[in-house]
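The values are calculated or read from the model by the stated rules, or taken from the named source; none is laboratory data. What you see is a predicted model; the values in this text were computed from it and never measured. Neighbour counts are summed over all protein chains in view; Cβ atoms, including those assigned to glycine, are modelled from backbone coordinates with ideal geometry.
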Amino acid sequence: MTTEPLLAATVLDRPLRERPDAEAVVARRGRLTYRQLDGWAGRCRQALQAVGVGPGVHLAVSLPNDLPIVGLFHAAMRLGAVWVGINRQLAPPEKAYILGDAEVSVFLGDADMVAQVASAPDLAALRSVTVDDTAGSEWSDLLAADEDGPTASPDPLAPAAIAYTSGTSGHPKGAVHSQHNLMLPGAVVVADRGYGPSLRKADCFPLTILNLQVLSTLLVPQAGGAAVVMDRVDPVGIAEWLRTERPTLWNGAPAMLYGLAASDDVVADDLASLEEIWTGGSHCPAVTHERFTAKFGKAARTSYGLTEAPTLVSMLPNGAPVEVDQSGVALPSLEVGIVDEDDRPVPPGTVGEIVVGPATEGPWAGAYRLMLGYWHRPEATEAALRGGRLHTGDLGSLDGRGYLHVEDRQSSLILRGGANVYPAEVERVIDEMPGVAASCVLGLADERLGERVVAVVELDPGVEVAATTIDEHCRANLARYKVPERFIFEVLPRNSMGKVVRPDVAKSLGPVELA
């Protein structure tokens, strides 16, 4: 395999030569062949140029899963712009923080998203465009314009996207990736698993998540297959897409597997076309695996990945039996190691920090490049990339076969239904409230969602604050999935330095009733 840098801007070139009239993408608005997708991406590129997007310009997009977000991503790569996906579930202050921190110049969203951004006082200089293709709208006029700017020649190793991952410091950090970084996982997976034009890969996670662009918009064209862009995450909606579009591969969170297995409205034949099922993002309980397999006669294959990689790090090899407690082996482009607190390798079976680096042997040796760093976070970058490897902060072990067993996804991280919730983010919002002395946010085990969010709050002496007041404040400033489902008021245990002792808080809780 070549170790030459890969360019996302040209990902459609091969299928355009070989299968221009084959189906490339299916979404709610319709279907596009590769020829049509190329034309659509060209129109989006033209529209972006008209509003000032070009090489190095930071472009943010917050749109639902449909054809516009696919076309805009291809257009951004062709222009050499820097893509920033904005999760639609984030609260307005969270969106505003990312837009400001990433130094975004142009923002595209639907009417609701643009209105949210317009209300942020610190984003007055931001150029916002409502993506509305009705006749006479600004966006439809931009798409219809005849003018076309100069063709860009993007640098495959320059910054191409910033993906924000919830941060332990209370604010998210932006992982910066090049076009080569974004292309490599798809290239490796397609080659390793032998995917070709028969691939129909379905995804229902939001394409505002950069990892999903990597695993769909960029992976599928490298196989010459079709991407099924789903816009439903409920069991009935997922089953409807799978039954209608008959994909060969689907990727779902453990909570989605649980819902499909538990729903009486979903039958085994709805998933009959699937040859492969991936799951990841959070721990999938054994009981969920068992119920899913028993109902559908298919086993979900657990993978491991993270934004900083980007996306996939390990997965089960073709034909390997599914084992619930492991996450497969490293992709052929990667080497995964386990180290102790002094960065020394540990023996097989020993738990330590998971580190990721480039493969030194095999066809993909030297192809992997570390992320370019965290945006404007030099200290965090140095810590994460020390020694030429990505230090994930996740705990795990390697068995004698080289299979990865993930023990814990960063000790404080809460994984709710496949979504990451960092306690520090939620605690920052709670602690800014008048009358709150401190807070400690924890995850409680839950069969369906993996974990649920609970907050223990210490109030200032003599002060009373209602749980409903804190709940309202959280809902105004956090995505709904991050809002604690229960607020417990008590004095928090602290160490000699005055810091809250999180393990002691967890031990003191005992059973917590949740609705």
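Applying the set (1) at pLDDT 95 or above; (2) more than 27 Å from residue 318 (Cα to Cα); (3) surrounded by 21 or more Cβ atoms within 10 Å (Cβ to Cβ); (4) hydroxyl-bearing (Ser, Thr, Tyr) to residue 422 leaves exactly one unmet item: (1). Would you confirm whether or not the stretch 284-293 contains a residue that is in a loop (DSSP other than H, G, I, E, B), modelled with pLDDT of 90 or more and crowded, with 21+ Cβ neighbours inside 10 Å? There is no residue in the stretch 284-293 that is in a loop (DSSP other than H, G, I, E, B), modelled with pLDDT of 90 or more and crowded, with 21+ Cβ neighbours inside 10 Å. Within the stretch 165-218, the set of residues being in contact with a Lys or Arg (Cβ under 7 Å, 6 or more places away or on another chain), within 30 Å of residue 423 (Cβ to Cβ) and either of a type in the set (A, V, I, L, M, F, W, C) or surrounded by 23 or more Cβ atoms within 10 Å (Cβ to Cβ) (or both) comprises 173, 181, 204, 208. Residues satisfying the criterion are present in the stretch 406-414 (criterion: β-branched (Val, Ile, Thr), under 22 Å from residue 478 (Cα atoms) and either in contact with a strand residue (DSSP E or B) (Cβ under 8 Å, 6 or more places away or on another chain) or surrounded by fewer than 21 Cβ atoms within 10 Å (Cβ to Cβ) (or both)).
Apart from one condition, residue 207 fits all of (1) touching a residue at least 40 places away in the same chain (Cβ under 8 Å); (2) more than 21 Å from the chain's Cα centre (by Cα); the exception is (2). Working only within the stretch 228-248, note down all residues that are buried (at least 17 other Cβ atoms within 10 Å of the Cβ) and either over 21 Å from residue 217 (Cβ atoms) or small (Gly, Ala, Ser) (or both). Those that are buried (at least 17 other Cβ atoms within 10 Å of the Cβ) and either over 21 Å from residue 217 (Cβ atoms) or small (Gly, Ala, Ser) (or both): 235, 239.
Within the stretch 174-184, which residues are in contact with a helix residue (DSSP H, G or I) (Cβ under 6 Å, 6 or more places away or on another chain) and either modelled with pLDDT under 95 or hydrophobic (A, V, I, L, M, F, W, C) (or both)? Residues satisfying the conditions are 182, 183. The number of residues in the stretch 135-156 being at pLDDT 90 or above and more than 24 Å from residue 114 (Cβ to Cβ) comes to 3. Of the strands (runs of 3 or more DSSP E) entirely within the stretch 103-202, those holding at least 3 residues that are of a type in the set (A, V, I, L, M) and touching a residue at least 40 places away in the same chain (Cβ under 8 Å) occupy 159-165. Scanning the stretch 353-371 for residues that are on the phi < 0 side of the Ramachandran plot, over 23 Å from the mean Cα position of the chain (by Cα) and either outside any loop (DSSP other than H, G, I, E, B) or not acidic (Asp, Glu) (or both) yields 359, 360, 363, 364, 365.
Within the stretch 445-460, the residues that satisfy the criterion of being buried (at least 18 other Cβ atoms within 10 Å of the Cβ) and either under 27 Å from the mean Cα position of the chain (by Cα) or at positive phi (or both) are 449, 450, 451, 452, 453, 454, 455. Which residues, taken from the stretch 236-259, are modelled with pLDDT of 95 or more and assigned to a helix (DSSP H, G or I)? Of everything in the stretch 236-259, those that are modelled with pLDDT of 95 or more and assigned to a helix (DSSP H, G or I) turn out to be 236, 237, 238, 239, 240, 241, 242, 243, 244, 245. Can you say whether residue 372 is of a type in the set (A, V, I, L, M) and more than 21 Å from residue 159 (Cβ to Cβ), as far as the supplied structure shows? No, not satisfied. If you go through the stretch 384-419 and keep only what is hydroxyl-bearing (Ser, Thr, Tyr), modelled with pLDDT of 90 or more and under 21 Å from the mean Cα position of the chain (by Cα), you end up with just 392. Those residues that are touching a residue at least 60 places away in the same chain (Cβ under 8 Å), within 19 Å of residue 500 (Cβ to Cβ) and of a type in the set (Gly, Ala, Ser), I need them from the stretch 432-452; list them, please. Hit for the stretch 432-452 is 438, nothing else. Of the residues screened, residue 370 is not one that is at pLDDT 95 or above, hydrophobic (A, V, I, L, M, F, W, C) and over 27 Å from residue 160 (Cα atoms). Of the candidates 300, 309, the single residue that is surrounded by 13 or more Cβ atoms within 10 Å (Cβ to Cβ), over 19 Å from residue 400 (Cβ atoms) and in contact with a Cys (Cβ under 8 Å, 6 or more places away or on another chain) is 300. For the stretch 372-405, the tally of residues that are at positive phi and surrounded by fewer than 20 Cβ atoms within 10 Å (Cβ to Cβ) stands at 5.
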